[in-house]
1. All but one of (1) at pLDDT 95 or above; (2) open to solvent by 60 Å² or more (accessible area, probe 1.4 Å); (3) not small (Gly, Ala, Ser) hold for Phe136, so report the exception by its number.
2. Just one of Ala7, Ala37 is at pLDDT below 90, open to solvent by less than 50 Å² (accessible area, probe 1.4 Å), assigned to a helix (DSSP H, G or I) and farther than 28 Å from Phe150 by Cα; which is it?
3. Go over the candidates Leu152, Leu163, Leu144 one by one and state the one that is assigned to a helix (DSSP H, G or I), without any contact (Cβ under 8 Å) to a residue 24 or more places away in the chain, closer than 21 Å to Leu221 by Cα and more than 19 Å from the chain's Cα centre (by Cα).
4. Taking only the range 223-239 into account, find how many residues are assigned to a helix (DSSP H, G or I) and either open to solvent by 50 Å² or more (accessible area, probe 1.4 Å) or polar (S, T, N, Q) (or both).
5. Can we say Arg209 is basic (Lys, Arg), in a helix (DSSP H, G or I) and modelled with pLDDT under 95?
6. Going by the structure shown, is Gly33 of a type in the set (Gly, Ala, Ser), closer than 15 Å to Asp110 by Cβ and out of contact with any Lys or Arg (no Cβ under 7 Å at 6 or more places or on another chain)?
7. Does Ala74 fit the bill of being more than 19 Å from Ser22 (Cβ to Cβ) and surrounded by fewer than 22 Cβ atoms within 10 Å (Cβ to Cβ)?
8. Select from the range 223-239 the residues that are of a type in the set (A, V, I, L, M, F, W, C) and touching a residue at least 40 places away in the same chain (Cβ under 8 Å) and write down the one among them that is nearest to Leu126 (Cα to Cα).
Amino acid sequence: MTGATSALTRLKSAQKSAKGVSLYSRFVNRPAGRYLAAGAYRLGLTPDQVTLVSAAFSFAAVAVAALAAPTWNAGAVVWLGLAVGFAFDSADGQLARLRGGGSAAGEWLDHVVDCAKITALHTAVLITFYRHPGHFGTAADGWLLVPLGFQLAAVVTFFGGLLTEQLKPKTAPGGGAAPSTARAVALLPVDHGVFCLVFLLLGGGTAFRWAYSALAAAAALFLVAFLTKWFRELSALRR
């Protein structure tokens with residue numbers, strides 16, 4: 001237990017900046033990931049192994065979303081698997097920093113798993129809309145475009161943010177203005193942890209459909225805002 005307590009203490013002083021992070025990730029997912037990272041450190045796990053644990057929980061949840069009947073219990077299982085997987089997704093990076101830094105291969109694995117998870121999750125929603133049109137009220141084929149559009153927005157946002165981070169000059173950690181609470185609240189609709197919560201409504205049929213569609217609309221609006229912001233930032237570098 002002493003090793004885990006020591007690891008927690010060290011992790012608290014080795015956190016990434018909270019700038020541009022939603023309230024859920026800042027106050028729920030990162031703290032949960034910190035405890036998981038400390039436990040993984042005590043067990044002698046590597047960051048890559050933690051990434052694979054994250055993938056196992058996430059893709060098990062995806063399989064349930066796609067293949068199980070859309071009941072309240074199934075929705076709870078999907079949410080739990082996704083939420084735990086998301087927490088382990090935070091833990092792998094924290095464990096890497098605790099161990100003195102990650103590797104290029106580890107970062108690659110983390111991003112590949114994240115991209116596959118995003119793509120697979122919206123594909124699972126498309127499948128369940130198609131398999132259970134009566135439950136969700138998706139008999140009209142147009143509703144099948146919603147998960148496809150959501151998937152497009154999510155993948156482009158993920159790739160665009162990742163590429164922007166690589167192209168911008170590296171800045172020294174720490175310093176700068178304190179993270180904005182208003183921005184943290186505004187980012188909640190596009191936080192993966194908040195998205196996971198919508199699956200608790202899976203048994204509600206149309207309630208899930210409308211909640212999912214609302215988040216899809218938010219993802220599309222934020223995509224436009226993010227792309228505009230990133231393009232302006234990168235354009236300014238040339239000047």
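The values are calculated or read from the model by the stated rules, or taken from the named source; none is laboratory data. Since the model is a prediction, treat every value here as computed from it, not as a measurement. In this analysis, Cβ positions are derived from the backbone assuming ideal geometry, glycine residues included, and neighbour counts consider all displayed protein chains. All accessible areas refer to the heavy atoms of the entire protein, side chains included, with ligands and DNA or RNA removed. Shrake-Rupley method; radii C 1.70, N 1.55, O 1.52, S 1.80 Å.
1. (2)
2. After applying the criteria, what remains is Ala7.
3. Leu144
4. 11
5. Considered against the rule, which asks whether it is basic (Lys, Arg), in a helix (DSSP H, G or I) and modelled with pLDDT under 95, Arg209 comes out as no.
6. Against the criterion (of a type in the set (Gly, Ala, Ser), closer than 15 Å to Asp110 by Cβ and out of contact with any Lys or Arg (no Cβ under 7 Å at 6 or more places or on another chain)), Gly33 qualifies.
7. Answer is yes for this residue.
8. Per the criteria, the residue is Leu223.
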